[in-house]
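*Asks:* Below is the structure I would like to discuss, written out as structure tokens.
The values are calculated or read from the model by the stated rules, or taken from the named source; none is laboratory data. Note that the structure is a prediction, hence the values are computed from the model and not measured. Here Cβ is always computed from backbone atoms with ideal geometry, including for glycine, and neighbour counts include all displayed protein chains. All accessible areas refer to the heavy atoms of the entire protein, side chains included, with ligands and DNA or RNA removed. Shrake-Rupley method; radii C 1.70, N 1.55, O 1.52, S 1.80 Å.
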Amino acid sequence: MKQSLHSATLSNGIILVGERLPDLESVAVAFHSPAGSIHDPVGKCGLATVAGEMCLRGAGVRDSRQLVEDLESAGVQWSQGVSSTHASFSGAMVARHLPDVLPIYADILRRPLLPEDELPAARQMVLQNLAGIEDDPTHRTIAALRRIHCPAPWGMPTEGISADVESISIDDVRGFVGHHLQPGGMIVSVAGRIDWDDFVRRVDDLLGDWPAVSSAAVGVGPRGPFVHHVPHDSQQTHIALAWSVPPYRDDASHEATAALAILGGGPSSRFFTEVRERRGLCYSVSAGYQTSRDFANAVCYSGTSAERAQETLDVMLAEIGRLPGTISPDELGRVKARAKSGLTMQQESSAARAGAIARQWYHLGRLRTLAQELERYDRLDVAGVEGWLADQPPRDLTVVSLGRDPLEVRCAIPA
Amino acid sequence: MPFLHERLPNGLDVIAETSESAVSTSVGFFVMTGSRDESDALWGTSHFLEHMIFKGTPEIPGDAINRRFDDMGASVNAFTSEEDTVYYASVLPEQQHEAVDLVARMMRPALRDEDFETEKLVILEEIRMYDDQPPFGADELCRAAFFGGHPLGRSVLGTVDSIRGLPVAAMRDYHRRRYAPGTMVLAASGAVDFPALVESAKRLCGDWEPVTAPERLVSVSPRAAARPGRERIVRPAAALDYAVWMVAGPDEHDPDRHAARLLSVVLGDSSGSRLYWGLVDSGEAEQAACIHQDFLDAGLFITQLSCDAADVEELTERIAGIYATAASGGISPAEFERAQNKLASRVVLGGEKPRRRLFEVGLDWSHCRTYRSVGDNLRIVEQITLDDVHRVLETWPLDAPAAAVVAGPGSGG
């Protein structure tokens, strides 16, 4: 199948990436602005999230309600979210609606009203979300892991900290939006039933004359302790582990992600087999790969009854320690098969492809074709994965638990 | 998208919706059994059995099943509800034969003693996991209060005691009775080779004994909550209150179920609805939603609210006010049209994913022996009228005495 991938750069630096999927009726578009939470000032943790929410509370000639109603009248499945690096505004819709919808997104980006009278509600919405997270033990465990494993501001919670959110003023929001919601570093991705040239023309008309401003570099602080327990009144104890691995743009990330998939990526993975299937220790256990542009982490998770948590942690640590030198060709073959079929099936979803090509451009500064992606998997072999593991074995693990009692880290892995 | 159907002599239906442009194939078994088909002694068996199906057949050990799925790069899973147990795998088209082969063999599991005891521990962990999470059991307790003695009042997972007390022999007997060819459907969607699918079904399932499955315990559709009023679950450490209440709505055979769904979008969708503008946009509620859910012989309007415990009374009242305004003043044509567009968009976008179509096509056939294409579903949405929605508001009053449960720290009354 001939893949139809496109990219273009507007004069103000906005990157456009697109993929035509002519068999689909839908189109998905996403605007990723570099207004993520790493730019939250000290004492204002959650500012990016409040700012992202405020951008939807009126833009251009539309007030908050009219904005949502116009998107939904066109049947747009819209979403807004803030990550550590980006504020993203996205929508999936039947393709014919795209020309009417693009100007609404342009208003959100360029002409948000940021009305002062909406700020208390926006802040309150973010505080409600934080209260909901308090009741979600898995989310809290992973957030606690991130907080101590990643140096500030990378480890700070994107969702915010209640006391900080309460102190955010309209000037904070307007200042943040003015500095960070801007063309430099913005990626606009589109996938589905598109006419690429027409899309570029429309986006250029809407955003091409938006002047870029330079943004400040982000300073990095110290990381936290390696072992941490969060007391929580629950039946289950939640366990999360992390260590550093190469970022996506590093070629070795391919070997790293394969090793992590063997450890905890599917039903035949070592974690699933040893922790759940053989011992019945838990319902969920996994290992995964989380990457930023300049660093990445292996992240493992499990949740189990308090009295069985120590054994669960012991088995997880033993499996991590056992990984180097024991990868079999069959295991790697299964990882490759899963990855290849997952990549191919992405072609059935405009939203999945719009997300994937935006990520590729952000990490690599270019797009890889499906054929190139599949070919990379063909090249992956046991010697390569073992070579990487020998070179960079899991070490310096961060271990977080959340539950009634702290756990003991009986670790054969070098600290 | 052509639809194809063949029935094997033992009663097993094989169906497929094929698509020339799909790059994947989804296959699945839809078993007409769920928590409503259990007794108190068998409470949680359908879901526990769903786990046990992955523990292997007499010839294939459980870890080999996991390996074989991963060998074919399959995305595989299963779920159990009150009325259905569904097993599915999505693969690249060249793996169709292998995927069907494995899933079909799994339907005749070994149910070994030692696997049963180990998996029991996993089920108990799953129960504890959900019990530690919002809404802290409020949904299950509310269903029990709404349905009373009706079989739909039993939760899918069962309880710690019912799972601990379940003997493996009871599960084997349940499997023999409920996994009969006449109560199962083999469905496929996407890039499907239908003749090969039928050939696989004949080879692998043709000798399944056509046991007559016991009749489903279908009773008179409940029009009102069996146990109206509010119950409370106290979780001292919870940050928020989680309230849920249920009143009756149209069931799966009622033509008004589509209008009921549209009404729930107008009133309680996650964005742009009356509850959204009235409670969520202001930051007073973490969540406020209205959902319509239908079963074979019952339907529900479910309202979910999460908010600060101090506000739960006031916000519950405000939702009641929003419902009362809808009942007296109706829905505006503009709201109606927006909700219709939202639903139409969901049909089209969902129709692009073979996995999603597998569930729709499989469940439609399993429940009603009907097939509806994406185009059919789109026409259904387009044919809903404002009058239909107003009729639903009248026939199924949202302010009827509800079964209600609030779970939270306990300071909210």
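*Asks:* Residues to consider are B:ASP294, B:ASP388; find the one that is open to solvent by less than 40 Å² (accessible area, probe 1.4 Å) and more than 14 Å from chain A (Cβ to nearest Cβ).
*Replies:* Matching residue, one of B:ASP294, B:ASP388: B:ASP388.
*Asks:* Still on this structure: Restricting attention to region A:30-76, which residues are of a type in the set (Asp, Glu) and either within 22 Å of A:ARG293 (Cα to Cα) or away from chain B (no Cβ under 14 Å) (or both)?
*Replies:* Passing the criteria: only A:ASP40.
*Asks:* Here are some residues: A:ALA240, A:ALA287. Which one is under 18 Å from the mean Cα position of the chain (by Cα), surrounded by 24 or more Cβ atoms within 10 Å (Cβ to Cβ) and under 30 Å from B:VAL234 (Cα atoms)?
*Replies:* A:ALA240
*Asks:* Exactly one of (1) open to solvent by 40 Å² or more (accessible area, probe 1.4 Å); (2) touching a strand residue (DSSP E or B) at 6+ places or on another chain (Cβ under 6 Å) is unmet by A:ARG308. Its number?
*Replies:* Here A:ARG308 meets the rest and fails (2).
*Asks:* Only one of these conditions is not met by A:GLN346: (1) touching a Phe, Trp or Tyr at 6+ places or on another chain (Cβ under 9 Å); (2) open to solvent by less than 70 Å² (accessible area, probe 1.4 Å). Which number is it?
*Replies:* (1)
*Asks:* Condition first: open to solvent by 20 Å² or more (accessible area, probe 1.4 Å) and among the β-branched types (Val, Ile, Thr). Now tell me which residues in region B:19-56 satisfy that.
*Replies:* Within region B:19-56, just B:VAL23 meets the criteria.
*Asks:* Here's another thing I want to ask about it. Being within 14 Å of chain B (Cβ to nearest Cβ) and of a type in the set (Asp, Glu) is true for just one of A:ASP378, A:ASP391, A:ASP396. Which residue is that?
*Replies:* Checking each option against the conditions leaves just A:ASP378.
*Asks:* Could you give every pair whose Cβ atoms fall below 6 Å, whose first residue belongs to region B:124-144 and is at the interface with another protein chain (Cβ under 9 Å from one of its Cβ atoms) and closer than 16 Å to A:LEU402 by Cβ, and whose second residue is of a type in the set (Asp, Glu) and open to solvent by less than 20 Å² (accessible area, probe 1.4 Å), counting only separations of at least 6 or pairs across chains?
*Replies:* These pairs meet every condition: B:PRO134/A:ASP135.
Listed here are the residues, each with its yes/no results for (1) under 21 Å from A:ALA48 (Cα atoms); (2) assigned to a helix (DSSP H, G or I); (3) within 8 Å of chain B (Cβ to nearest Cβ); (4) open to solvent by 20 Å² or more (accessible area, probe 1.4 Å).
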| residue | (1), (2), (3), (4) |
| --- | --- |
| A:VAL101 | no, yes, no, no |
| A:ILE108 | yes, yes, no, no |
| A:LEU114 | yes, no, no, no |
| A:LEU119 | yes, yes, no, no |
| A:ARG123 | yes, yes, yes, yes |
| A:VAL126 | yes, yes, yes, no |
| A:ILE133 | yes, yes, no, yes |
| A:ARG140 | yes, yes, no, yes |
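*Asks:* Looking at region B:208-221, I want the residues that are at positive phi and free of Cβ contacts under 8 Å to residues at least 40 places away in the same chain and have a partner that is open to solvent by less than 50 Å² (accessible area, probe 1.4 Å) and assigned to a loop (DSSP other than H, G, I, E, B) with Cβ atoms under 6 Å, at least 6 apart or on another chain. Which pairs are those?
*Replies:* Cβ pairs passing all conditions: none.
*Asks:* Okay, moving on. Counting residues that are over 26 Å from the mean Cα position of the chain (by Cα) and modelled with pLDDT under 95, which helices (runs of 4 or more DSSP H) fully inside region A:347-415 reach at least 1?
*Replies:* Answer list for region A:347-415: A:370-379.
*Asks:* Further question on the same structure: Picking from B:ALA196, B:ALA201, B:ALA237, B:ALA213, which residue would you name as being in contact with a helix residue (DSSP H, G or I) (Cβ under 8 Å, 6 or more places away or on another chain) and surrounded by fewer than 16 Cβ atoms within 10 Å (Cβ to Cβ)?
*Replies:* B:ALA196
*Asks:* Which count do you get for residues in region B:252-291 that are open to solvent by 30 Å² or more (accessible area, probe 1.4 Å), part of a loop (DSSP other than H, G, I, E, B) and away from every other protein chain (no Cβ under 14 Å)?
*Replies:* Of the residues in that region, 3 qualify.
*Asks:* Now for a different question. Among the residues of region B:81-115, count how many are within 14 Å of chain A (Cβ to nearest Cβ) and under 25 Å from the mean Cα position of the chain (by Cα).
*Replies:* Residues in region B:81-115 being within 14 Å of chain A (Cβ to nearest Cβ) and under 25 Å from the mean Cα position of the chain (by Cα): 9 in total.
*Asks:* Could you say whether any residue in region B:312-326 is within 14 Å of another protein chain (Cβ to nearest Cβ), aliphatic (A, V, I, L, M) and open to solvent by 10 Å² or more (accessible area, probe 1.4 Å)?
*Replies:* The answer is no; no qualifying residue exists.
*Asks:* Please work out which one of (1) under 25 Å from B:GLU50 (Cβ atoms); (2) open to solvent by 10 Å² or more (accessible area, probe 1.4 Å); (3) of a type in the set (A, V, I, L, M) is the condition A:ALA252 fails and give its number.
*Replies:* Failing condition for A:ALA252: (1).
*Asks:* I'd like to check which helices (runs of 4 or more DSSP H) are fully inside region B:46-164 and have at least 3 residues that are among the aliphatic types (A, V, I, L, M).
*Replies:* Fully inside region B:46-164 and qualifying: B:96-106, B:113-131, B:138-147.
Conditions (1) assigned by TED's automatic domain parsing to the domain that holds A:ILE15; (2) charged (D, E, K, R), marked per residue:
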site	(1), (2)
A:PRO153	yes, no
A:PRO157	yes, no
A:SER167	yes, no
A:GLN182	yes, no
A:MET186	yes, no
A:ARG193	yes, yes
A:ARG202	yes, yes
A:ALA217	no, no
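*Asks:* Filtering region A:271-283 down to residues that are within 11 Å of another protein chain (Cβ to nearest Cβ) and touching a residue at least 40 places away in the same chain (Cβ under 8 Å), which residue is least open to solvent (accessible area, probe 1.4 Å)?
*Replies:* Across region A:271-283, the extreme among qualifying residues is A:VAL275.
*Asks:* Looking at region A:311-337, which of the residues that are more than 12 Å from chain B (Cβ to nearest Cβ) and among the charged types (D, E, K, R) is surrounded by the most Cβ atoms within 10 Å (Cβ to Cβ)?
*Replies:* Only one residue tops the list, namely A:GLU319.
*Asks:* Now for a different question. Looking at region B:200-212, can you tell me whether even one residue there is hydroxyl-bearing (Ser, Thr, Tyr) and in the same structural domain as B:GLU17 (by TED's automatic domain parsing)?
*Replies:* Yes: one or more hits.
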